[in-house]
Amino acid sequence: MLERASPSLVDTRPRALDRRSPLSSAARNSGPAHMLGLLRRQWRLIVATSLLCSVLVTIAILQITPVYRAHALILVAPTGGDLLDAKTGMAASQIDSARVDGEVEVLRSPVVAKAVLARLDRLRDPIFEAWPGSGPSLGVAAATAGDVETRALDRLRRSVAIARKGLTAIIQVSAKSPDPGRAAMLANAFAEEHVRQQLDAKIAVVEESRAALERGAEAAAEASRRAESELGAFVRASIDGVGDPSTRERLRNLLADVDDAAAERARLEDVARAEADDPRSHRELLAQLKTMRNREEVLGAQLVAAFQTSGDLSPSALQRVLELRQAAIGNRELHLRALAASSAYVVRREAQMPDSRILSRAVPPSEPSFPRLPLFFALGGLASVAAGIGAAFLRESRLGGLVDAPEAERVLGIPVLAALPKAEGGESRSALVANAVKRHSAYAEAVRRARFDLEVMMSGGRTGHVILVTSAVEGEGKTVTAVALARAFAQVGRKTLLVDCDLRRPAVHNAVGIPPQHGLFDFLASSGREDNVGLTVPDRFDNLHFLFGAPGRHASTDMLLASGKLEWLLDSAREAFDTVVLDSPPLLPATDSRILAQHVDIVLMVVGPGKTTGRKAASAIAALERAGRGEASVVAVLNGVDMGDFGYARADRTKRARRSPP
């Protein structure tokens, strides 16, 4: 038997309860081993919380309306967009960056958006509900046309994003919509409208120039007509003054030919103006006009020559004829040039190109841009796992879960003698305690450590010490701990008695595998003390006897335990045994342990890490204090901790297993 230590080495008085707010256990145990232990202890909570959060995240993601985004690309031309301009072929490196930025701003302007909105309204697109008649669907029953258009325009501009691609000459038009087809339609509509407006602006400039030329041509034609009219009137009056009848007749014939040629020329001019938009026909008409003008000039020259040879005109009259003829010829020349220039502007109008062109049209996207389901599900899964781990951490650190000896000592204010590890490899706890004292294992070493500390506490004074093994709530392994501890005492030669005082749910007989014949309940319910014959049952190990609780009886147990027979039984056990271990009910659900605590020397609290909250364990100890525990010391053991804290015993067992023969 171990040599007894001096009582002064161990302070067996229970310390006052620490009522301060407990620190987070993660702050003291934040290493990988502690985190793995947390995952092992709370894996059910982690899995349940993660699955619940995953389901909620999935439902939330599926409720999100998908948004599709389509992109159209516009390329800004290096120079102007005129095929007849020699600068059009210049290198793209000479693109003016400010001009590209200006194109972006034009695309963002309300002018383009209004034009696109008008197109969508003509197509009766239901996205924007743009015009009067759709006011109630916007929630505004009496909205004016301007208000409805403003709202629709604002929604349209929010649906489209326009940006320059880096420092390139490419502008990206992005449109979003719940419908992929509509997203592509919006992007293409903006790109097409911008290009169309650019081309219309260039054509408008050409048309203005052409209109100015046509106005000049009309003015020249009018001046030519006035000069010809005045010349005709002057010539007719002069012909009547010619004395020679044959000369007068010849002059009249020439004047008639000149008039016919002028009439044909005027007709061709009218046709040329009407065919101005047809370049090919216009060129043919201009050629005919030139021919007719030459013939008219020849006839006019013959008429002037006839006047000169007749000698009937004075020099001043002849000079007047020449001036009028020259004025008519000059105006006809101006008119013909203006018509030719107008024809050239028709060709130039057809050659106009916009400053930008659509490089890539938008196509309906196959996947939504929001939400990105793979990314959202991945983030949701990670968040669900994090929520599960957070719930486990909260349960242990914030809700009072006692997971290690330092935390239990600080919260409960009592010494923790040992930490008993979990069973390994699916081994049942009954099999574990049945062999724990006979083999080298982490569990056996922990039980021996608790036994040694209890021996130190019991050293000196009277013999036959009584140890009460209890817990705050059920399910913390107090019965198995009591059996293992009793066998550990018996192993070192101490005559030990294990009494099952849990008369409500006795379980010692199940742990040791011995069917009970009689038990404590029978003795306490009997009328005399002579009925204690045959109550104890020897264990297969020496020095250990059991007093079972006799299951199957239902009665008020607190009155039986409060009777004098229990006190007499314990006094007798003190005389007959070195150590008496009592397995009692949990402290909080029943009062039995509070009654038993008045008759024992040591109260051993079994605490399940991650199961027993500090509040419940502290409440159990406070219940002992209120019930009056006499001189009994209160200590604790942790039951079911992770194997990571027992590396020495595990390594020692592994070495022996390697040395053992196969």
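Here, each number is a calculation from the coordinates, and none is a lab measurement. Predicted model only: the values in this text are computed from it and were never measured. All Cβ positions, even for glycine, are placed from backbone atoms using ideal geometry, and neighbour counts span all protein chains on display.
Assorted remarks:
- Subset of K478/K565; K422/K495; K114/K176; K422/K611 violating a 21 Å alpha-carbon distance limit: K478/K565; K422/K495
- If R0 equals 56 Å, the separation of the Cβ atoms of A163 and D259 corresponds to a calculated FRET efficiency of about 0.20.
- Phi to ³J(HN,Hα) by Karplus 6.51 cos²θ - 1.76 cosθ + 1.60 over segment 580-586, Hz, x for Gly, Pro: 10, 10, 10, 8, 10, x, x
- Net charge of neighbours whose Cβ lies under 10 Å from the Cβ of V258, counting Lys and Arg as +1 and Asp and Glu as -1: -4
- Alpha-carbon radius of gyration plus Dmax, which is the widest Cα pair, for segment 184-287 in Å: 24.1, 88
- Sequence-separation-based contact order of segment 153-300, relative, with Cα cut under 8 Å and 6+ spacing, percent: 12
- Calculated FRET efficiency for the pair R155/L382, C-beta based, R₀ 41 Å, to 0.05: 0.70
- In this simple spin-label model, placing a label point 7 Å from the Cα along the Cα-to-Cβ direction at both A233 and Q302 gives a separation of 2.7 nm.
- Label-point gap, in nm, between A341 and R361 - each point 7 angstrom along Cα→Cβ: 4.1
- Computed from backbone phi, the HN-Hα couplings of segment 180-192 come to x, x, 5, 4, 5, 4, 5, 4, 5, 5, 5, 5, 5 Hz, rounded to whole numbers (Karplus: 6.51 cos²θ - 1.76 cosθ + 1.60, θ = phi - 60°; Gly and Pro given as x).
- Estimated distance in nm for a label pair at T463 and A204, the labels positioned 7 Å out from Cα along Cα-to-Cβ: 12.0
- Prolate/oblate/rounded label for segment 214-271 (Cα gyration tensor, a/c 1.5): oblate
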